[in-house]
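Asks: There's a structure below that I have some questions on.
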Amino acid sequence: MTEFDYARHGGNVFPVQPGEVWTVDRHMLACGDLELGDGQRLLALAGSAPDIVYSDPPWGGGNAAAFRTKAGVPRKVDFDLFLRRLLPLVASAKRDVFLEMGDEHTRDLVALIGELGGRALQAWKITYYRKNPCWLIQASWHGQHGQAPDMTGMDDTATPTAAFEAVARPGDVIFDPCTGLGCTADAVARLPGDCRFVGLELHPKRMSATLTRLRGIRGEVKLLGRLADPHPTLDLPAAQRRQRRPEQTEQTSTGSP
Ligand SMILES: C[S@@+](CC[C@H](N)C(=O)[O-])C[C@H]1O[C@@H](n2cnc3c(N)ncnc32)[C@H](O)[C@@H]1O
């Protein structure tokens, strides 16, 4: 497998470490693992549930495992379990949810959205990196959603841009738990008004690439701290709180790989 040229995309510009939280202007990114609850930790730190979620997660267990290998935290991935960890994060959106997914798992994803209390509203056939066909699903958990345009045939950053131009409102928090190289982040940072991007990404170099991309649009990049630091607004899910032994610190119980 040829190693992706991260340096060409700014992947070596910022020395991002797993567990770190960085900001660019009002936007916030964390390097962490949604399978370990880092998405919930990041949203607690951001201080607000997202208004909109737009994400392009891995498209299957093999793909998710390949991303883990690239990020230096290899292991097998049970994709049903992966989606069951992703969707509660996604369901925290107060209004619109947009999820990209490959052909093989689109039906599973739509079924799981329904099982977990959401509603898939519509889907468009789009492409990813100008070559891979996939589906973009619009969904909602709380009954509130905007009128999205026909996005058939759109690609990369054009897709979230079209979605946000239609449904985003000034001041919205827009969350992507699988930020990658930053298509969603880029689209948010270019919106008029004061929308805020919050993003999680497993791979430090991919996150550095997004920071570099945002710096080009929005200014100064700063290291804020670590997701695992004790934080007054940290709201661990109840099940996780019960599992923690009293002597455990945030560092040992919640640290990213
Ligand atoms: C399909 S790519 C996202 C592409 C993105 N739209 C972009 O603009 O580059 C999926 C991303 O999810 C990340 N990822 C995979 N497993 C993850 C996990 N458990 N937690 C957080 N991010 C994860 C991968 O590292 C990868 O960057």
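Each reported figure results from applying straightforward, stated rules to the coordinates on display, with no laboratory input. Only a predicted model underlies this, so the values are computations on that prediction, with no experimental measurement involved. Positions of Cβ are backbone-derived with ideal geometry, glycine not excepted, and every protein chain shown enters the neighbour counts.
Asks: Go through 25-36, 184-195, 106-117 and give me the packing order, highest mean Cβ count within 10 Å leading.
Replies: Answer by packing, highest mean first, reads 25-36, 184-195, 106-117.
Asks: If the cut-off is a Cα-Cα distance under 13 Å, which aspartates and glutamates reach residue 222, setting aside same-chain residues fewer than 8 apart in sequence?
Replies: Result set, ordered by chain and number: 20, 25.
Asks: Segment 10-56 to segment 153-192: how many Å between their Cα centroids?
Replies: That distance is 15 Å.
Asks: Just to be sure I understand: with springs between alpha-carbon atoms less than 10 Å apart, which residue in 206, 41, 215 has the highest mean-square fluctuation in the Gaussian network model of the chain?
Replies: 215
Asks: Do me a favour and compute the ellipsoid semi-axes for the chain from its Cα gyration tensor, root of five times each eigenvalue, largest one first, whole Å. List each step's numbers first, then the result.
Replies: Numbers: eigenvalues 126, 91, 76 Å².
Those come to 25, 21, 20 Å.
Asks: Moving on to the next point. In a shell of Cβ-Cβ distance under 10 Å around residue 32, excluding residue 32 itself, what net charge do Lys and Arg (+1) and Asp and Glu (-1) give?
Replies: Details: positive: 41, 226; negative: 20, 33, 35, 38, 201.
Neighbour charge sum, excluding residue 32 itself: -3.
Asks: Same structure, new question: Roughly what % antiparallel, to the nearest 5, for the DSSP beta bridges in the chain?
Replies: 65
Asks: When the chain is treated as a GNM, springs tying every alpha-carbon pair under 10 Å, which of 100, 165, 201 comes out with the largest mean-square fluctuation?
Replies: 165
Asks: Considering only 21, 90, 77, give the residue with the highest GNM mean-square fluctuation for the chain, with springs between Cα atoms whenever their separation is below 10 Å.
Replies: 77
Asks: Near residue 184, within a Cβ-to-Cβ distance under 9 Å, what is the net charge of the other residues, with Lys and Arg +1 and Asp and Glu -1?
Replies: Here the count lands on -3.
Asks: Quick one: Kirkwood hydrodynamic radius for segment 1-151, alpha-carbon pairs, angstrom, one decimal? Before the final figure, lay out each step's value.
Replies: Numbers: mean 1/r = 0.0595 Å⁻¹.
Kirkwood hydrodynamic radius for segment 1-151: 16.8 Å.
Asks: Can you give the relative contact order of the chain as a percent, counting alpha carbon pairs under 8 Å and 6+ residues apart?
Replies: 31
Asks: Something else now. Can you sort 130, 169 so the residue with the fewest Cβ neighbours within 10 Å comes first?
Replies: Going from least to most buried by this count: 130, 169.
Asks: Shifting gears a bit: Apply the Karplus parameterisation 6.51 cos²θ - 1.76 cosθ + 1.60, with θ equal to phi minus 60°, to every residue of segment 39-54 and state each ³J(HN,Hα) to the nearest whole Hz, in sequence, with x for glycine and proline.
Replies: For segment 39-54, the Karplus-derived couplings read x, 4, 5, 5, 5, 5, 5, 5, x, 7, 5, x, 7, 9, 10, 10 Hz, x marking Gly and Pro.
Asks: Using the 10 angstrom Cβ neighbour count as an exposure proxy, how do 6, 54 rank, fewest first?
Replies: Numbers: 6 18, 54 29.
Ranking 6, 54 by Cβ neighbours within 10 Å, fewest first, gives 6, 54.
Asks: What percentages, rounded to whole numbers, describe P(r) for segment 12-58 computed over all alpha carbon pairs with 5 Å bin width beginning at zero?
Replies: Calculated P(r), rounded to whole percents: 5, 16, 27, 30, 17, 5, 0.
Asks: For a footprinting-style exposure proxy, rank 136, 43 by other Cβ within 10 Å, fewest first.
Replies: Least to most surrounded, the residues fall as 43, 136.
Asks: Excluding residues fewer than 8 places away in the same chain, name every one of the lysines whose C-alpha is closer than 17 Å to that of residue 70.
Replies: 205
Asks: Now for a separate question. Taking the Cβ of residue 132 as the centre, find all other residues whose Cβ is under 13 Å away and add up their charges (Lys, Arg: +1; Asp, Glu: -1).
Replies: Here the charged neighbours net out to -3.
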